[in-house]
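Here the structure is laid out as structure tokens; the discussion comes afterwards.
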Amino acid sequence: KFFVDGKLIYKCNVNFTSSPVALSNVTTYEYVDTTTTTKTHEATVPNVIGYSYSDALKTLRSAGFRRIVANGDTSTGVVISMEPTYGVSVSLDKEITLTFGDASEN
């Protein structure tokens, strides 16, 4: 058996030598390892400036991003700005905000 105390993992050895189990039975804990339970996955934000909504969504999802917010008219507009900006490395959990408008606004 194992138990976790914060990021420390211990192996639990329980000594059940009598029946019924007496309160004097000994439980020992042996330090096993230190772990990091979460790993941050990052990716570079692709440039989707000038893309239609469907193309921008497809490109961002292909890069691993799932939290995508669209502002403006996604039916006829194109991406005129994005936050965070393209080319930076961010967590895949980071929200990507796309602003849509007329291509001439870019």
(message) Report every pair of residues separated by at least 6 positions or lying on different chains whose Cβ atoms are under 6 Å apart, first residue within region 58-69 and more than 14 Å from LYS94 (Cβ to Cβ), second surrounded by 14 or more Cβ atoms within 10 Å (Cβ to Cβ).
(response) THR59/PRO46; THR59/VAL48
(request) Filter region 38-50 for residues that are surrounded by 12 or more Cβ atoms within 10 Å (Cβ to Cβ) and in a loop (DSSP other than H, G, I, E, B) and give the result. (result) VAL45, PRO46, ASN47, VAL48, ILE49, GLY50
(request) For region 51-106, enumerate the residues that are of a type in the set (Asp, Glu) and assigned to a loop (DSSP other than H, G, I, E, B). (result) ASP73, ASP93, GLU95, ASP102
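A short reminder: the numbers here are calculations on the coordinates, not readings from a lab. Treat the numbers as computed from the prediction; the structure is a model and nothing was measured. Heads up, the Cβs are rebuilt from the backbone with ideal geometry, glycines too, and the neighbour counts pull from every protein chain shown.
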